[in-house]
Amino acid sequence: MNTHKTYTVDEATKRMERYCAYQERCHKEVHQKLYEMRMIPEAVDQIIDHLLRHNFLNETRFAQAFARGKFRTKQWGRSRIVNELKRREISKYNIQIALKEIPDSEYYKTFEALAEKRLRQLALEKDLQKRRKKLADYLFYRGWEPELVYGKVGEISK
């Protein structure tokens, strides 16, 4: 017996309007959701077209919100943000627009604060090389650029 709910195009459209209104979404997420709802390709195209025309789905807006959010709440660097946007199949053009959402002054201030906080956590690590490596690994994982990371690691003397 098939226990999966089936949706009419109208029901699926309303559902996707709510899904997109709740939080900014990228095309890939919407496609995935429609696929999970077992919608046929023609219906998927029709629904996505509707969402685009009625401004429920806007990839530029998604990329901007994503960059702002991940930078402010998770303190990710530009490299990680770019990689995550690429993973969501966001265009190069929209990635460039998204990165403009992060002011340079705020970016460097956040980097410094994050690095200093991590260094305080590593204060008990006596081995200088290990402390440098742990700091670098942490900052790279968060997506900060090599020149910033190595510059900071080079400042650690003891």
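All of the numbers you see were taken from the coordinates with simple rules; none came from a lab. What you are looking at is a predicted structure, and each value in this text was computed from that prediction instead of being measured. Please note: Cβ atoms are built from the backbone with ideal geometry, for glycine as well, and neighbour counts cover all protein chains shown.
Spacing of the modelled spin labels on E145 and Y35, each 7 Å from Cα toward Cβ, amounts to 3.4 nm. When shorter helices are ignored and each DSSP H run of at least 4 residues is given -39500 (n - 2.57), the per-residue value for the chain at 222 nm works out to -22500 deg cm²/dmol.
Would you give the gap between the C-alpha center of the range 144-158 and the C-alpha center of the range 1-61, rounded to a whole Å? Going from one Cα centre to the other spans 45 Å. Cα convex hull, the range 59-99: 52 Å³ per residue, rounded to a whole number. Measuring max minus min along each principal axis, the C-alpha atoms of the range 9-53 give extents of 24, 17, 16 Å (largest first). Go ahead and set up a Gaussian network model of the chain, Cα springs under 10 Å, then flag whichever of A12, A67, A123 fluctuates most. Its mean-square fluctuation being the largest, the pick is A123. Note on the chain: with a GNM built from Cα contacts shorter than 10 Å, the maximum mean-square fluctuation among L99, L114, L85 falls on L114. Simple spin-label estimate for E84 and I156 gives 2.4 nm between the two label positions (7 Å along the Cα-to-Cβ direction from each Cα). With the chain treated as a Gaussian network of Cα nodes joined by springs under 10 Å, which of T73, T110, T13 yields the largest mean-square fluctuation? Highest fluctuation of the listed residues: T73. Think of each Lys and Arg Cβ as +1 and each Asp and Glu Cβ as -1; about the Cα centre, that makes the dipole of the range 8-82 roughly 700 debye. The label point for D104 and the one for L52, both projected 7 Å from the Cα toward the Cβ, are 3.5 nm apart. Taking 0.36 nm per residue of separation and subtracting the Cα-Cα distance, full extension of the segment from E112 to T6 would add 33.0 nm. For the chain, the percent of C-alpha pairs falling in each 10 Å distance bin, counted from 0 to the bin holding the largest distance, reads 10, 30, 23, 17, 12, 7, 1.
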